[in-house]
Amino acid sequence: MNMMIRTGDVRWPSPIRVRVGYGFPETIRGPREALTYLNYRWPAIDGEHCRSAKVICAEALEFRTSPDVAREAFLQACIEAKMLD
């Protein structure tokens, strides 16, 4: 029997570089890394774009939305939080 297992480990063709405070820049390569970053590394104050990006990145991991939509949502959250490197 042939079975396909979908892992949700999608990579963006163009990663996003972010920086928290005065720390070193970090590269986010896909929705899984973005969601981890949004949940555990994000500044204390999150905004509308951050909340939206969390939902959209989770949907991308479940193949319910495209990785490109998740990338754009994460990018907008980074702009909102002034975290782009």
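The values are calculated or read from the model by the stated rules, or taken from the named source; none is laboratory data. Please read all numbers here as calculations on a predicted model, not as lab measurements. Cβ atoms come from the backbone with ideal geometry, glycine included; neighbour counts cover every protein chain shown.
Structure above, values below:
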| item | result |
| --- | --- |
| Members of the range 61-85 that are farther than 16 Å from residue 10 by Cβ, part of a helix (DSSP H, G or I) and of a type in the set (A, V, I, L, M, F, W, C) | 77, 78, 79, 81 |
| Hey, residue 79 among the β-branched types (Val, Ile, Thr) and loosely packed, with under 15 Cβ neighbours inside 10 Å or not | yes |
| Cross-chain or 6+ apart pairs with Cβ under 7 Å, the range 3-14 first and over 19 Å from residue 74 (Cβ atoms), then assigned to a loop (DSSP other than H, G, I, E, B) and modelled with pLDDT of 55 or more | 6/63 |
| Selection from the range 37-55 of residues that are of a type outside the set (A, V, I, L, M), farther than 16 Å from residue 19 by Cα and surrounded by 15 or more Cβ atoms within 10 Å (Cβ to Cβ) | 49, 52, 54 |
| From 58, 34, residue being crowded, with 20+ Cβ neighbours inside 10 Å and in a helix (DSSP H, G or I) | 34 |
